[in-house]
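To keep things clear, I will list the structure first and then write my remarks on it.
What follows draws every value from the coordinates through simple rules; no lab data is involved. Keep in mind it's a predicted model, so treat the numbers as computed, not measured. Because the Cβ atoms are built from the backbone with ideal geometry, glycine has one as well, and the counts that use them run over all protein chains shown.
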Amino acid sequence: MFGRVSALGAQIRTTTTALPARLSKDSRSALSRRAGRIRLFPAVALALLAGLGVAFVAYGFLRWITPVDTAKAAAEIDVTRVALTVVAGVGGVVALVIAYRRQRDLEQSRFVERFGAAAAQLGATDVAVRIAGVYAMAGVADESDGLRRQQCIDVLCGYLRLPYSPDLGGNHQSKLVLKHHRATADGTRADDQERHLEYRHNDREVRATIVRVIADHLRPTAEYSWSTSDFDFRTAYLENVDFSRAKFLGSARFGEATFSGAVTSFADAIFSGTASFDGATFSNTASFDGATFSGSASFVFVVFSGTALFYRATFSSDVSFLNATFSTGNFDGAIFSGIAVFSHATFASTASFDGATFSNDVFFTDATFASSASFDSAIFSGTTMFVHVTFASSASFSGVTFSGSALFDVATFSGTTVFVDPKQWGPPAPRFDWDQDISQKPANIEPQNWPPSVVAAS
């Protein structure tokens, strides 16, 4: 008997412990929202039914493990005691439901009040009040979770998406008046016109504060972590952004954002959800050194006007740099586990993929390397497409590994291109335009003795 009770207790504990792990963040939030929409009377009724159900289950369980002498009749005082206990239990359930609803309504009212006050501060004309509004909104987010925290974060991100003029970002003025003198065709003077242009003075400091507050809440040392929330920076103008070591566990959207300043840093950042930078512009150095992309990553039509650093970055899923424009691109030691697309990408200056690992298919179709390109010791395990690619200067594939199908069809090699000492050359062997007629091989392709000899593994 005690063995059955112990086993049942262990099963209940195991189920209770495992249940929160099974419920995702979304399902818990949805359950909370549905519970919050239930009116008071149905909530009390449901609580009573649940209480009675638990009572019956407890009664059956106790009858199962405890022997009962059915020959003895229950005393009247025992019946009365049981009835009073049931009534007290029902009253307690009703009181708990009402207290819970009252507490929930108080919390909602307090959130609405604090949220509205912080939002009003963010819309103030005085810069000091707006900065205070940033910290006030962050404080509301810290004391909230789920949908309420997301609303606070959406407001902060929405502020960064407001129209912004970098030239006026540090201006102490808030209004500009332009007067226009008009004259009629007959030379008489007409009424003057005035244009009043209003803008937020010293808005650069407010925006920098928002970015700094968000970044601090995304790092592992944050007292209150916002990492599980979603962040929408689309079309935002971001100056001197530092998201190094930030954890984006939700979606991170930077589509058509403009990154200015000396350096934009996402070094050692973690992107667990979808990361989108489509159409973004990086005016200067962009560092993604050591960044980890667990979900899909998209850099379609992105423009890197400065150096793009992806040194030892890890792409666990698919990544696309379709139609991307690079001034200088460094992907040394990067790991591409999913499909990697560099089709129609343009590298205006040096492009380096030394030691990069492509475990899946990679496409450089119609890509243009205007300056030197280096793929020394790179590993290509899937289908590799350098079809219609243009190497306008030197290119190096020394010590490369081709363990999958590699195509260099209709490729243009304008400078010296080196394929010496490959670590693996297929099968199948990489395909070139001169495979059928070795005399067509350009003289600037090394080694002269084709195909190159594979170096022995050390």
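Restricting the range 215-230 to residues that are assigned to a loop (DSSP other than H, G, I, E, B) and hydrophobic (A, V, I, L, M, F, W, C), which is surrounded by the most Cβ atoms within 10 Å (Cβ to Cβ)?
In this case the residue turns out to be 226.
Of (1) more than 17 Å from residue 318 (Cα to Cα); (2) crowded, with 20+ Cβ neighbours inside 10 Å, residue 283 satisfies all except one. Which?
(2)
Answer yes or no as to whether residue 305 is in a loop (DSSP other than H, G, I, E, B), under 27 Å from residue 260 (Cα atoms) and touching a Phe, Trp or Tyr at 6+ places or on another chain (Cβ under 8 Å).
no
Identify the residue in the range 231-265 that is farther than 16 Å from residue 160 by Cβ and more than 11 Å from the chain's Cα centre (by Cα) and, among all such residues, is surrounded by the most Cβ atoms within 10 Å (Cβ to Cβ).
Among those that are farther than 16 Å from residue 160 by Cβ and more than 11 Å from the chain's Cα centre (by Cα), it is 265.
Is there a residue in the range 399-417 that is under 24 Å from residue 357 (Cα atoms) and touching an Asp or Glu at 6+ places or on another chain (Cβ under 6 Å)?
yes
Only residues in the range 432-458 that are more than 25 Å from residue 393 (Cβ to Cβ) and touching a residue at least 24 places away in the same chain (Cβ under 8 Å) count as the first member; pair them with residues that are surrounded by 12 or more Cβ atoms within 10 Å (Cβ to Cβ) and not aliphatic (A, V, I, L, M), Cβ under 6 angstrom, at least 6 apart or cross-chain, and list the lot.
What qualifies is 454/422; 454/425; 455/421.
Tell me, which residue of the range 265-302 that is part of a strand (DSSP E or B) and polar (S, T, N, Q) is farthest from residue 322 (Cα to Cα)? Break it down into steps so the answer makes sense when it comes.
Initial filter on the range 265-302 (part of a strand (DSSP E or B)): 265, 270-271, 275-276, 281-282, 285-287, 292-293, 297-298.
Subset that is polar (S, T, N, Q): 265, 276, 281, 285, 287, 292, 298.
On the way: 265: 22, 276: 13, 281: 14, 285: 20, 287: 19, 292: 20, 298: 8 Å.
Residue satisfying both the conditions and the ranking: 265.
Going by the conditions given, is residue 264 in contact with a Phe, Trp or Tyr (Cβ under 9 Å, 6 or more places away or on another chain) and over 26 Å from residue 144 (Cα atoms)?
So residue 264 passes the test.
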